[in-house]
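Notes follow once the structure below has been shown.
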Protein chains: 2
Amino acid sequence: MIYKVILAYDGSNYAGWQKQENALGIQEVIEKALTTIHKKETFITASGRTDAKVHALGQVFHFEADKKIGPDRYKMALNALLPEDIRILKVSMEADDFHARFSAKSKRYDYICTYEKENPFVYKYKEILNHTLNIEAMRKASEYLVGTHDFTSFSSSKIDPRKPRIKTITRIDIFEENQDIRFIYEGTGFLRYQVRMMTETLIMVGSNKIDIEEVKRILDKKDKSACRYNASPNGLYLVHVNY
Amino acid sequence: MIYKVILAYDGSNYAGWQKQENALGIQEVIEKALTTIHKKETFITASGRTDAKVHALGQVFHFEADKKIGPDRYKMALNALLPEDIRILKVSMEADDFHARFSAKSKRYDYICTYEKENPFVYKYKEILNHTLNIEAMRKASEYLVGTHDFTSFSSSKIDPRKPRIKTITRIDIFEENQDIRFIYEGTGFLRYQVRMMTETLIMVGSNKIDIEEVKRILDKKDKSACRYNASPNGLYLVHVNY
């Protein structure tokens, strides 16, 4: 049986989805819980990794299991075994060819910034802004990023150079929400650090530190060293994976 | 000069207001920052202590200083030196007889419970409920607690036995707020653990585990061992101190 699992997590206390040296990864915490349930080593495959401190509202992974345990029983058992900052939202049985990464059609990431400088509860969950951002300028700049492009300029040097850098972004929305600014990104896939680098570049535009066309110039360079901007992981959420 | 400071903090990472053995207290973090600003050891006095993991939206402390630094400069300097989970909201200069504890007329504490079991972001900030609470029953039971009473039954054994146990509660409100239940307590003062013990007792009523009159029976015993219930610190907020 192939099981698909949708989960949410507070990434603050983790080294990211994948285990790092001397630091706990979310994947290993879940594999340990499933291994306990199955009394047999179990591995999981996610839709993609999230970096250290990045949060998820709708990450997806799959695993294979011999015994047929009902999806609701998996959900209950996992939530009982997992720490409170990792919560299983839904478990379902899928066709044998379901694969959390390869079957994914698109993803949504949100990035949240806030003007709430005096709120001690937000710093792990939102990027704190020191000055007002120009939303209209950021929206105009974001239009250069929507569509199918080679996003090499907005990627990490850690990316495998053989992997394709051409991705399609179908939507970027930027709007104010009370004292926050929310950036919504939807696309077929994202390179490592791409959302954070695009966001920080847009924030530079919104801060009048670079002009709107600079976004296009950076994109056109198709060069890993073209963009020096990278927003903190705290404000980033993997919201949804679409299959 | 006497300075009054209003501050908010996320208590999750602290042993409480006061330092514990091998654990960081909020007070010492602030005293260290003021000592850096003054280049001279500085001590502060709070309206009262908060326990480990308890949060504050409006805690108050005072300190004395020789040099006349403007309140806004204190606020900026402290927020620059303090960690992001402690934020200074307001600094003001007060008359020489102002005392954060002795001048306090009343306090407000809120306690927040939630039905959001599948939200990985709330567990440090709200008590997670496993079943529906009967709000009307809790409201009726809370009426026994409003007024001037000897609250020995709702107090910690750690309390100095010479201290008065008679306190006046002027308001208890209990209401639903989206998926949360908020308890509001206002009174002239509260004993150690009093709010958490009253809250857990009311939750027992709301869960149909004890009857409404049991609250009066516990109160009337005036005995430290009369109440076995104590809500977790995570849901508790010192909201406001009134002078």
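If you check A:Asn130, A:Asn119 for being modelled with pLDDT under 95 and either hydrophobic (A, V, I, L, M, F, W, C) or more than 22 Å from A:Tyr193 (Cβ to Cβ) (or both), only one passes: A:Asn130. If we scan segment A:137-148, do we find a residue that is among the basic types (Lys, Arg) and part of a helix (DSSP H, G or I)? Yes - at least one qualifying residue is present in segment A:137-148. Just one of the listed residues (A:Lys53, A:Lys75, A:Lys67) is part of a loop (DSSP other than H, G, I, E, B) and at pLDDT 95 or above, namely A:Lys53.
For B:His99, the conditions (1) touching a Phe, Trp or Tyr at 6+ places or on another chain (Cβ under 6 Å); (2) outside the structural domain of B:Asn13 (by TED's automatic domain parsing) are fulfilled apart from (1). When B:Lys163 is tested against (1) touching a helix residue (DSSP H, G or I) at 6+ places or on another chain (Cβ under 9 Å); (2) closer than 29 Å to B:Arg101 by Cα, exactly one condition is not met: (1). Scan segment A:149-161 and give yes if some residue there is β-branched (Val, Ile, Thr) and touching a strand residue (DSSP E or B) at 6+ places or on another chain (Cβ under 8 Å), otherwise no. No, segment A:149-161 contains no residue that is β-branched (Val, Ile, Thr) and touching a strand residue (DSSP E or B) at 6+ places or on another chain (Cβ under 8 Å). Quick check on segment A:1-14: of everything there that is more than 14 Å from every other protein chain (Cβ to nearest Cβ) and at pLDDT 95 or above, which residue is farthest from A:Lys90 (Cα to Cα)? Per the criteria, the residue is A:Ile2.
A single member of B:Asp223, B:Asp160 is at negative phi, free of Cβ contacts under 8 Å to residues at least 12 places away in the same chain and either of a type in the set (Asp, Glu) or not in a loop (DSSP other than H, G, I, E, B) (or both), and it is B:Asp160. Annotation: of all residues in segment A:205-226 being under 18 Å from A:Ser156 (Cβ atoms) and of a type in the set (A, V, I, L, M, F, W, C), the one that is surrounded by the most Cβ atoms within 10 Å (Cβ to Cβ) is A:Ile218.
Taken together, A:Ala46, A:Ala56, A:Ala80 contain a single residue that is surrounded by fewer than 17 Cβ atoms within 10 Å (Cβ to Cβ) and either within 14 Å of another protein chain (Cβ to nearest Cβ) or of a type in the set (A, V, I, L, M, F, W, C) (or both), which is A:Ala80.
Conditions (1) basic (Lys, Arg); (2) buried (at least 20 other Cβ atoms within 10 Å of the Cβ); (3) under 27 Å from B:Lys224 (Cα atoms), marked per residue:
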{"position": "B:Tyr115", "(1), (2), (3)": "no, no, no"}
{"position": "B:Glu118", "(1), (2), (3)": "no, no, no"}
{"position": "B:Tyr123", "(1), (2), (3)": "no, yes, no"}
{"position": "B:His131", "(1), (2), (3)": "no, no, no"}
{"position": "B:Ala137", "(1), (2), (3)": "no, no, yes"}
{"position": "B:Thr148", "(1), (2), (3)": "no, no, yes"}
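Taking B:Pro71 as the residue in question, decide whether it is closer than 25 Å to A:Asn130 by Cα and more than 14 Å from chain A (Cβ to nearest Cβ). Judged against the criteria, B:Pro71 is a match.
Scan segment A:86-108 for residues that are touching a Lys or Arg at 6+ places or on another chain (Cβ under 9 Å), away from every other protein chain (no Cβ under 14 Å) and within 20 Å of A:Gly16 (Cα to Cα) and the total you get is 2. Quick check on B:Asp85: is it closer than 30 Å to B:Asn130 by Cα and in the same structural domain as B:Gly187 (by TED's automatic domain parsing)? No; evaluated as a whole, the condition is false for this residue. Considering segment B:10-26, and only residues there that are within 18 Å of the chain's Cα centre (by Cα) and not in a loop (DSSP other than H, G, I, E, B), the residue that is nearest to B:Asp72 (Cα to Cα) turns out to be B:Ile26. When you check A:Glu41 against the structure, is it away from every other protein chain (no Cβ under 14 Å) and either exposed (fewer than 15 other Cβ atoms within 10 Å of the Cβ) or in contact with a helix residue (DSSP H, G or I) (Cβ under 7 Å, 6 or more places away or on another chain) (or both), yes or no? Spelling it out, A:Glu41 is indeed away from every other protein chain (no Cβ under 14 Å) and either exposed (fewer than 15 other Cβ atoms within 10 Å of the Cβ) or in contact with a helix residue (DSSP H, G or I) (Cβ under 7 Å, 6 or more places away or on another chain) (or both).
Residue check: B:Gly25 meets all listed conditions (1) without any contact (Cβ under 8 Å) to a residue 12 or more places away in the chain; (2) farther than 29 Å from B:Glu200 by Cα; (3) not charged (D, E, K, R) but one, namely (2).
Inspect all residues belonging to segment B:27-40 and state whether any of them is assigned to a strand (DSSP E or B) and out of contact with any Pro (no Cβ under 8 Å at 6 or more places or on another chain). No.
Among the residues making up segment B:109-133, a single one is without any contact (Cβ under 8 Å) to a residue 60 or more places away in the chain and away from chain A (no Cβ under 14 Å): B:Thr132.
If you go through segment A:174-189 and keep only what is under 16 Å from A:Ile203 (Cβ atoms) and either among the hydrophobic types (A, V, I, L, M, F, W, C) or buried (at least 17 other Cβ atoms within 10 Å of the Cβ) (or both), you end up with A:Ile174, A:Phe175, A:Asp180, A:Ile181, A:Arg182, A:Phe183, A:Ile184, A:Tyr185.
The values are calculated or read from the model by the stated rules, or taken from the named source; none is laboratory data. Everything numeric here is computed off the predicted structure, so don't read it as measured data. Quick reminder, even Gly has a Cβ in these numbers, built from the backbone with ideal geometry, and neighbours come from all protein chains shown.
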